[in-house]
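The structure appears right after this line, and notes come after that.
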């Protein structure tokens, strides 16, 4: 299972202290208490960003410390709050307390926020303690310290496109041709035992991530083969590409098998935008035709070895991603 991992130290800001002050003004006798409250300390907040795909930046910078709140002042002036620090993380980031192992949150949506270190509360000034029977209070409160902790960030990278197929459908070969990923490739099944990820370069630097998921077999939703381990990764992809060997004697039946396994595991999986990709058309000889599908399904034949139609495939992937993002925004 692909996991990017970092451990960082987050320190929230200390709250400002309250003020003890009494109003002093000419011709205003017994002006009364006017000490303001201290400002709250800044918090450390994680925010999901769909445009990020790695935690690499946090491997260089380990300490994040928010500013403290200002102290209260006289004339009922409250201290300024400390500024929050917002850290951008990729979708699919699991946040844990490094000491206890407690899961603090799982960031899966764009713009989702999680406070990992809360700023200290500002102390009250003496104006807060005034009562009809206690008109000259000298009480005040110090600011509270902010949270200070080490947290672990584990990234189960959410891919834009998940490659789904039976063992030896050509997923790893395709990934190696459209990205710089170098997954294990061999002529026997189950060469891929954990997801491989590749960043595919597209026009105008609009890159996207494609995941080569371990081969699926019939009965995977019950745990057969790589079973649930495989299907959990599919849940974190935006769109799917069903890869089917063009030499398969029953390609449409194979597609129905793959579709059924995903549906049995989760109805949400089959709601994702998808395309059917017929691989290995370089193995089709003149006597055979490229398989056809009924029901108006979108099918694209390719050869990863020869490079046939790979640009068209990238274009189709990009359109699927746009459709998936539009669905996310609508939801």
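Okay, here's what the table says:
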| quantity | calculated |
| --- | --- |
| Average Cα contact separation per residue, the range 4-155, under 8 Å, 6 or more apart, as relative contact order % | 38 |
| Length-normalised contact order for the range 107-155 - Cα pairs under 8 Å, 6+ apart - percent | 39 |
| Full-stretch length increase - residue 133, residue 7 - with 0.36 nm per residue and alpha-carbon distance subtracted | 40.0 nm |
| Gyration tensor (alpha-carbon) shape descriptor, the range 115-180, a/c threshold 1.5 | prolate |
| Antiparallel content of DSSP bridges confined to the range 4-155, in %, to 5 | 75 |
| Quarter of Cα convex hull surface for the range 66-137, i.e. mean projection, nm² | 7.8 |
| Shape of the range 1-148, Cα gyration tensor, a/c cut at 1.5 | prolate |
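Here, each number is a calculation from the coordinates, and none is a lab measurement. Since this is a predicted model, take the numbers as computed values, not measurements.
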